[in-house]
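The numbers here are math on the coordinates, done by the rules we state, and not lab data. Quantities reported herein were computed from a predicted structural model and do not represent experimental measurements. Here the Cβ positions follow ideal geometry from the backbone for every residue, glycine too, while neighbour counts run over all protein chains shown.
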Amino acid sequence: MRQIDLKKASVARLDTIRTINRQIVLNYIRERAPISRAEISYETALQRSTVSLIVDELKTRGLVDELDGESTGGRPPLLLRLRTAGSMAIGVDLGTTNTVVATSDLAGRLLHQQSFATSANAKKTLQNIIDASRELIKKEKGIEGIGISVPGLVDHESGRVHFIPHFKWHDWTLAEEVRKATGLPVRVDNDANAASLAELWFGRPEIRETRDFIFVLVETGIGTGIVFDGQVYHGESGAAGEFGHMTIGTGAPVACAVGTRECWEAFASERAALARYSALAGRPTSGVSFAQLVDRALAGEQAAHEALLETAHYLGVGIANVLKGLSPSAVIVGGGIARAWPLISDRVKSAVEANSVCRGLPPARIVASTLGQNPRIMGALSLVLAGKFASPVTS
Ligand SMILES: [Zn+2]
């Protein structure tokens, strides 16, 4: 049960119920498309006239399309689905190596994508993001907002970046700068938080129905997004979910971003896997990327497979610790390692079980993300798109 926050309590406005009904109808269309007005009315127990009013409004706002269905004898029914014509959002995945800028429709389908090397100069990176966004806004009509995912600490409400460890960028008014330059609303969040939001709205159906889960984003470091009760938990000043730096042991194969060899990301990140591969292969492997390491493991190369299995073990040890503290019903692993899931899932799960003995609870589901190779770009887009379904539709 949720406690009522008296400081935030306000008198319910007359349009509150209308707004909630509008969200219910939009979400039905999202989940069940193609669906008719009559079916929505039947399933939601909203009156036909109410559903029709809402659908007309959603059509006027350009959020849904209505198309002819198949006739079963009489007049063919009109079926509703989310608008698929044209772009709705720009997503910017600011990564430590590359920055990806993409557009998608309301349903989260990627339409255009481009990327450039991320400059270590924050001003230059900002300018590149602005230039790419302006170009897309000019070319494609109907873009309503920009979402940016960053590998660092963010105040997601103001869109102010506190710190990006990889570049040592401090106190960056990213959302404000991009908003001023483009005239569009801009939302910024940490990459793992954004990816967990994407999993909540655009992931596999059984995860969308899970209201409590942890998203583990494995990359050069490890980030985690916490979803409680169907919402991303940010904590005070957006710093929740820094499990990447919890202590796992000593003598990790690499140092973490902050410099110790004791934390989770030093044991279970892509860099840790590459360091293990280099030691196991018995030959120089310095030019090998993590994606190539996964390719080699999938192709049956022993050293590559073993490097991933050892890394999977430590991934499981960390997941066991997260489970002890938060007891979510699922853990989702995303990033490049998700592609190797068939090779490593047993090892991850056995490490979780071996490290959960004193917990005495049934294990949580541990699954690979279905957001594809870049959960961060889906996360960035979700910062705009989820707002269409989760908060009042007032663009
Ligand atoms: Zn650390």
- Task: May I ask you to derive the FRET efficiency for GLN127 and ALA107 from their Cβ-Cβ distance with R0 = 25 Å, giving the value to the nearest 0.05?
- Result: 0.20
- Message: Can you tell me, using C-alpha contacts under 8 Å and at least 6 residues apart, the relative contact order of the chain as a whole percent?
- Response: 16 percent
- Which FRET efficiency value, to the nearest 0.05, do you get for ARG32 and ALA117 by plugging their Cβ-Cβ distance into 1/(1 + (r/R0)^6) with R0 = 41 Å? 0.45
- Query: Looking at region 84-232, what % of its DSSP beta bridges pair antiparallel, to the nearest 5?
  - Reply: 75 percent
- Message: Over the Cα atoms, compute the radius of gyration (one decimal) and Dmax (the largest Cα-Cα distance, rounded to a whole number) for region 103-148, in Å.
- Response: 11.7, 34
- Here the gain from full extension of LYS168 to ILE24, 0.36 nm per residue of separation minus their alpha-carbon distance, amounts to 47.5 nm
- Quick shape check on region 1-160: root eigenvalues a ≥ b ≥ c of the Cα gyration tensor, a/c under 1.5 is rounded, otherwise prolate if a/b tops b/c, else oblate, and it reads oblate
- Task: Can you tell me how much longer the chain between LYS349 and LYS59 gets when fully stretched, taken as 0.36 nm per residue apart minus their C-alpha distance, in nm with one decimal?
- Result: 99.8 nm
- Positive minus negative residues near ASP56 (Lys, Arg vs Asp, Glu; Cβ under 12 Å): +2
- Message: Taking a ≥ b ≥ c as the square roots of the Cα gyration tensor eigenvalues, with a/c under 1.5 meaning rounded and otherwise prolate when a/b beats b/c, else oblate, which class fits region 278-371?
- Response: prolate
- Task: Please build a GNM for the chain, connecting alpha carbons under 10 Å apart, and tell me which residue among LYS59, LYS139, LYS124 fluctuates the most.
- Result: LYS139
- Query: Net charge near VAL161, counting Lys/Arg +1 and Asp/Glu -1 over other residues with Cβ under 13 Å of its Cβ?
  - Reply: -4
- Query: In nm, to one decimal, how far is the SER158 label point from the THR370 one, both placed 7 Å along Cα→Cβ?
  - Reply: 3.9 nm
- Note on the structure: In the neighbourhood of PRO76 defined by beta carbon distances under 10 Å, the net charge of the other residues (Lys, Arg +1; Asp, Glu -1) is -1
- Item | Entries in LYS59/LYS388; LYS139/LYS388; LYS138/LYS388; LYS123/LYS168; LYS138/LYS180 that, when Cα-Cα distance is taken, lie over 20 Å | LYS139/LYS388; LYS138/LYS388
- Tell me which lysines have Cα within less than 22 Å of LYS349's Cα, excluding those fewer than 8 residues away on the same chain? LYS324
- Item | For the chain, radius of gyration divided by Kirkwood radius, i.e. Rg to Rh on alpha-carbons | 1.00
- Dipole magnitude of the chain, debye to nearest 20 (Cβ charges: Lys/Arg +1, Asp/Glu -1, about Cα centre): 500 debye
- Tell me, rounded to the nearest percent, the portion of alpha carbon pairs in region 176-283 spaced more than 25 Å apart. 38 percent
- Can you list, bin by bin at 5 Å, the percent of alpha carbon pairs in region 29-116, starting at 0? 3, 13, 18, 18, 14, 10, 8, 6, 5, 3, 1, 0
